[in-house]
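For reference, the structure is listed below as structure tokens.
The values are calculated or read from the model by the stated rules, or taken from the named source; none is laboratory data. If you're wondering where the values come from, they're calculated on a predicted model, not measured in any experiment. Note that each Cβ is placed from the backbone with ideal geometry, even for glycine, and that neighbours are counted across all protein chains shown.
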Amino acid sequence: MTALESLGYQCDARIYPLNSYENRVYQVGLEAGGWVVVKFYRPGRWSDAQIKEEHQFALELEALEIPVAAPLIFNGSDTLLADGLFRFAVFPHLAGRAPELDDLDSLLVIGRYLGRVHLAGARKPFLARESLSVANSAGAARKFLLDNNFIPAELLPAYESLTDNLLTRIVEEFNPELTAKRQRIHGDCHLGNVLWHGGTPFFVDFDDAVMGPVVQDFWMLMSGSRDQRQAQLLELLEGYTEFADFAPVQLRLIEALRTLRIIHYSGWLARRWEDPAFPRSFPWFNTVRYWSEHILELREQQAALDEPPLRLPG
């Protein structure tokens, strides 16, 4: 409330924490009516330059009338603000629900807007933000887990061998043919970051925006059996290619990208385990059962990497 009131808002003390663990995000009621969303950035994660690039990308998309949650601007140009030790940004409040993956018409519309996001994203690169790579995602997560003794001793040989084989395989998949064309992408385009309202998808939370292959923003929008994912992909791409080109060879990266995220996710939980919010919210993490199931999931991904990729028609 103090942070918002320093900007001239008058808060009415209605404060609701939103579903965010990496940062702290709150929906705050205003005495004048309505709401704003305030996002406090986790200290030490991103530099000011990296956060400002995230904001600028969202503002570019908003200027093109693409439905996104872009930060509000203060003092003519400021989007990244400070309150004591904490950096924060203010966003408009957007209402909506997660899209339904079995509604193929909705996926067609999402594909159209995603094509417009990527068309804009290709206009210029990020200079400060990261590029998606094996090393800075799963590689770094694996090293942290091993260096800090998170893997139970009885499962350690299996984990080390399996992840070593997987990362070697994925490095081979990330060849120049597939990854040379990197561009600005959302980076974390799962259903929780797409709000469906009035027949329109609003893309929110560009906190993980990176330079990467565009297919990274596709695979988290698909789930279910192979046939279901195939049908979902075709709808997304039908809308997408109305605005942007798509290289079919990138479909070979989907299971590699999924594997990277699975390994990265465990490392992310481990890195944040001293944050009191994490043991409360993820009580099942860091148990023998968790690591056993994690290794099983990685073995399933090893098999998935051997399957033929999803295909385009024709």
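Quick check, is residue 128 in contact (Cβ under 8 Å) with a residue 12 or more places away in the chain, crowded, with 19+ Cβ neighbours inside 10 Å and in contact with a Ser or Thr (Cβ under 8 Å, 6 or more places away or on another chain)?
On the way: in contact (Cβ under 8 Å) with a residue 12 or more places away in the chain: yes; crowded, with 19+ Cβ neighbours inside 10 Å: no; in contact with a Ser or Thr (Cβ under 8 Å, 6 or more places away or on another chain): yes.
Answer is no for this residue.
Looking at residue 29 and the list (1) in contact with a Lys or Arg (Cβ under 8 Å, 6 or more places away or on another chain); (2) surrounded by 15 or more Cβ atoms within 10 Å (Cβ to Cβ); (3) touching a residue at least 24 places away in the same chain (Cβ under 8 Å); (4) not hydroxyl-bearing (Ser, Thr, Tyr), which single condition is not satisfied?
(3)
So that you can scan it fast, the table gives a plain yes or no per residue for (1) more than 23 Å from residue 233 (Cβ to Cβ); (2) among the aromatic types (Phe, Trp, Tyr):
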site: 138; (1), (2): yes, no
site: 141; (1), (2): yes, no
site: 144; (1), (2): yes, yes
site: 172; (1), (2): yes, no
site: 189; (1), (2): no, no
site: 199; (1), (2): no, no
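For every residue, the table says whether it meets (1) surrounded by 15 or more Cβ atoms within 10 Å (Cβ to Cβ); (2) touching a residue at least 12 places away in the same chain (Cβ under 8 Å).
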{"position": "1", "(1), (2)": "no, yes"}
{"position": "8", "(1), (2)": "no, no"}
{"position": "11", "(1), (2)": "yes, yes"}
{"position": "15", "(1), (2)": "no, yes"}
{"position": "21", "(1), (2)": "yes, yes"}
{"position": "24", "(1), (2)": "yes, yes"}
{"position": "34", "(1), (2)": "no, yes"}
{"position": "44", "(1), (2)": "no, no"}
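Does residue 70 satisfy the criteria of being among the small types (Gly, Ala, Ser) and under 20 Å from residue 211 (Cα atoms)?
Considered against the rule, which asks whether it is among the small types (Gly, Ala, Ser) and under 20 Å from residue 211 (Cα atoms), residue 70 comes out as yes.
It is to be established whether one or more residues within segment 174-184 are within 25 Å of residue 68 (Cβ to Cβ), in a loop (DSSP other than H, G, I, E, B), touching a residue at least 60 places away in the same chain (Cβ under 8 Å) and in the same structural domain as residue 273 (by TED's automatic domain parsing).
Yes - at least one qualifying residue is present in segment 174-184.
In segment 232-277, what count of residues is obtained for those that are farther than 27 Å from residue 122 by Cβ, at pLDDT 95 or above and assigned to a helix (DSSP H, G or I)?
9
Looking at 200, 241, which one is over 20 Å from the mean Cα position of the chain (by Cα), of a type in the set (Ser, Thr, Tyr) and surrounded by fewer than 21 Cβ atoms within 10 Å (Cβ to Cβ)? Before the answer, list the steps.
Details: 200 fails: over 20 Å from the mean Cα position of the chain (by Cα).
241 is the lone residue from the list that is over 20 Å from the mean Cα position of the chain (by Cα), of a type in the set (Ser, Thr, Tyr) and surrounded by fewer than 21 Cβ atoms within 10 Å (Cβ to Cβ).
Given (1) loosely packed, with under 14 Cβ neighbours inside 10 Å; (2) of a type in the set (D, E, K, R); (3) farther than 26 Å from residue 105 by Cβ, where does residue 272 come up short, assuming only one miss?
Unmet for residue 272, out of (1) loosely packed, with under 14 Cβ neighbours inside 10 Å; (2) of a type in the set (D, E, K, R); (3) farther than 26 Å from residue 105 by Cβ: (1).
Looking at 136, 165, which one is farther than 30 Å from residue 5 by Cα, at pLDDT below 95, not in a strand (DSSP E or B) and not acidic (Asp, Glu)?
Residue meeting the stated conditions: 136.
Report, ordered by the first and then the second residue, all pairs with beta carbons closer than 6 Å, sequence separation of six or more or different chains, a first member in segment 215-237 that is among the β-branched types (Val, Ile, Thr), and a second member that is outside any loop (DSSP other than H, G, I, E, B) and buried (at least 22 other Cβ atoms within 10 Å of the Cβ).
Within 6 Å, the pairs are 215/253.
Residue-by-condition table, conditions (1) basic (Lys, Arg); (2) within 20 Å of residue 185 (Cβ to Cβ); (3) over 18 Å from the mean Cα position of the chain (by Cα):
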{"site": "28", "(1), (2), (3)": "no, no, yes"}
{"site": "32", "(1), (2), (3)": "no, no, yes"}
{"site": "37", "(1), (2), (3)": "no, no, yes"}
{"site": "40", "(1), (2), (3)": "no, no, no"}
{"site": "53", "(1), (2), (3)": "no, yes, no"}
{"site": "67", "(1), (2), (3)": "no, yes, no"}
{"site": "75", "(1), (2), (3)": "no, no, yes"}
{"site": "82", "(1), (2), (3)": "no, no, yes"}
{"site": "87", "(1), (2), (3)": "yes, no, yes"}
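From the list 73, 66, which one is exposed (fewer than 15 other Cβ atoms within 10 Å of the Cβ), in the same structural domain as residue 30 (by TED's automatic domain parsing), of a type in the set (A, V, I, L, M) and over 30 Å from residue 270 (Cα atoms)?
Result of the check over 73, 66: 73.
Check 31, 54 and return the single one that is under 24 Å from residue 211 (Cβ atoms) and of a type in the set (D, E, K, R).
So the residue among 31, 54 that is under 24 Å from residue 211 (Cβ atoms) and of a type in the set (D, E, K, R) is 54.
Among the residues of segment 284-306, how many are loosely packed, with under 14 Cβ neighbours inside 10 Å, at pLDDT 95 or above and outside any helix (DSSP H, G or I)?
2
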